[in-house]
1. Rounded to the nearest 20 Debye, what is the dipole magnitude of segment 48-327 about its Cα centre when Lys and Arg each give +1 and Asp and Glu each give -1 at the C-beta?
2. Under 5 Å between amide hydrogens, which residues at least 5 positions from ALA205 or on another chain qualify, with H placed 1.01 Å from N in the peptide plane?
3. What is the local net charge at SER255, summed over the other residues whose Cβ is closer than 14 Å to its Cβ (Lys, Arg +1; Asp, Glu -1)?
4. Determine ³J(HN,Hα), in whole Hz, for all residues of segment 193-208 in sequence, where each value follows from phi through the Karplus function 6.51 cos²θ - 1.76 cosθ + 1.60 and θ = phi - 60°; x replaces Gly and Pro.
5. Using Cβ contacts closer than 10 Å as the measure, can you line up TRP75, TRP302, TRP67 from fewest to most?
6. For ILE339, list long-range residues whose amide hydrogen, built 1.01 Å from N in the peptide plane, is under 5 Å from its own amide hydrogen.
7. Starting from the Cα-Cα distance between ASN289 and LYS172, subtract it from 0.36 nm times their residue separation and give me the gain in nm to one decimal.
8. May I ask you to sort ASP304, ASP101 by Cβ crowding, counting other Cβ atoms within 10 Å and putting the fewest first?
Amino acid sequence: MKKRNVLLKICSLILVIGYFSGIFTAADAYAQEDILTITQNAGYQTNEVYKPQASIVIEAQTGQVLWEDNPDLKWNPASIAKLMSVYLVFEAMKQGKFTLDTTVKATDSDQAISQIYELSNNSIVAGVDYPVRDLLYATLVQSSNVATVMLANLVTANDEAKFIHMMNDKAKELGMTNSTFYNCSGAETGSFNGYYKPEGIDPNADNITTARDLAILSYHLLKNYPDTVMYTSPTQITIMENTPYAEILENHNYSLPGLAYGYEGADGLKTGSSPTGGFNYAATAKRENTRLIEIVLGVGNWEDQEGELQRHAFGNALFDKAFATYEYKQLLSKGNQTINKEEVILEQDFYGVIQKNTEPVFTLSANTLTMNNGLAQVSPTIKAPSAEFKYAKKLKALQNSPLLKNTKKKNSFSTFFLNGLLIILGLLFAVLSKLFKKEATDANKAKKFNLLLTIGILFILAGIGLSIYTVIFGPLI
């Protein structure tokens, strides 16, 4: 019998150890899983040589981070810098400075830039008028440096240095805290052979940014100018149609559906490569209601052109992981809801990011509802989703909302002050009634005593009553 009990205890111990070791092994495996492992497990052939230096994935509606690896590493984004130039172009159009149909007359310098072999370009002929619409396609599809310069000069009336300062000012405004721009297109100004030279700007400096900052830029670009994807999604497009200058442009984003690494739902954004930055990729894809943004920087090196393809393998694998794990959807409807055992009335539908097959956890604070999904914001300037609500019972609202935090704070203070004065005044009348009692004659003593004391009691009761009313229902005014 004893042997049997001992054997049972040993077996139980083995099972317990095995169970917990399995949990810890799984946890360790997950913790050790990096972007290289994720990409290889997704079925892509790659190795350590091409492993990105930095990467990040965010959800496009909320700006919440779903994945990050070295997101604040400072890096040369190469042609991804064109996204900032495009942002300023869209902003200028929103301000009414010009339209998509506005034309830009090409200069001799523009034509000369277009013929620099080392730069990615489209064909430009001096004296020809190019619509802004076509220059946007050339910038975002063909990654044309000359088209970017022409658009930048349109924004600032040919003040090249002013546009660089605008890029840096906009970066600060958007919360891109680790970015500095020295050119509008991603190519060093020194590589333009003197045809593009912003005054006072270092001609040999590379633009510097981070994966996080580029995600912030992409977030604002898509949020403020959603039509951007119209210019980033074509795999091929003809500009200057029905003119002698018609030209077919080819997209270098091979993750667009129909191309070598075609990914379902991908419709942007921009690739970039340079000798100092390797191969970079800013992407966006949408499936159902979920749109993701990702940045992949520093894939391989310039000498090995295989990195141009490998960046898409890493990007697609990160998209797979994020889409499989998270979704953006409506979590609560406007109107009456029971949340954390409280009856509340939501003033609008509530949308958020949630891990699939999990239940949302909500927080009620003052009159604002938020969700705790464990995800950080990509920037403190981008606020997490929230919704205003009211408690179904006004008494509960006052019990759960700090009085001094609502819009009636000053009125509450004033009301309590006046109520206190009423009580003090009542006490004063009561004291006066005592004094008059001593001095009054037997004939009129009772009359004066009753009058003053009655007034005093009324003031005291009024002060106490109004104070109770203020606590329960709020100030009268």
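Just so it is clear, none of the values below were taken in a lab; they were calculated from the coordinates. Keep in mind the model is a prediction, meaning the values are calculated, not measured. For neighbour counting, all protein chains shown are included, and Cβ atoms are generated from backbone atoms with ideal geometry for every residue, glycine included.
1. The dipole of segment 48-327 has a size of about 560 debye.
2. Placed amide hydrogens put THR189 under 5 Å from ALA205.
3. Every neighbour counted, the sum reads -1.
4. 6, x, 7, 9, 8, x, 5, x, 9, 4, x, 10, 8, 8, 4, 10
5. TRP302, TRP67, TRP75
6. VAL344
7. In short, 39.1 nm is gained.
8. Ranked by crowding around the Cβ, least crowded first: ASP101, ASP304.
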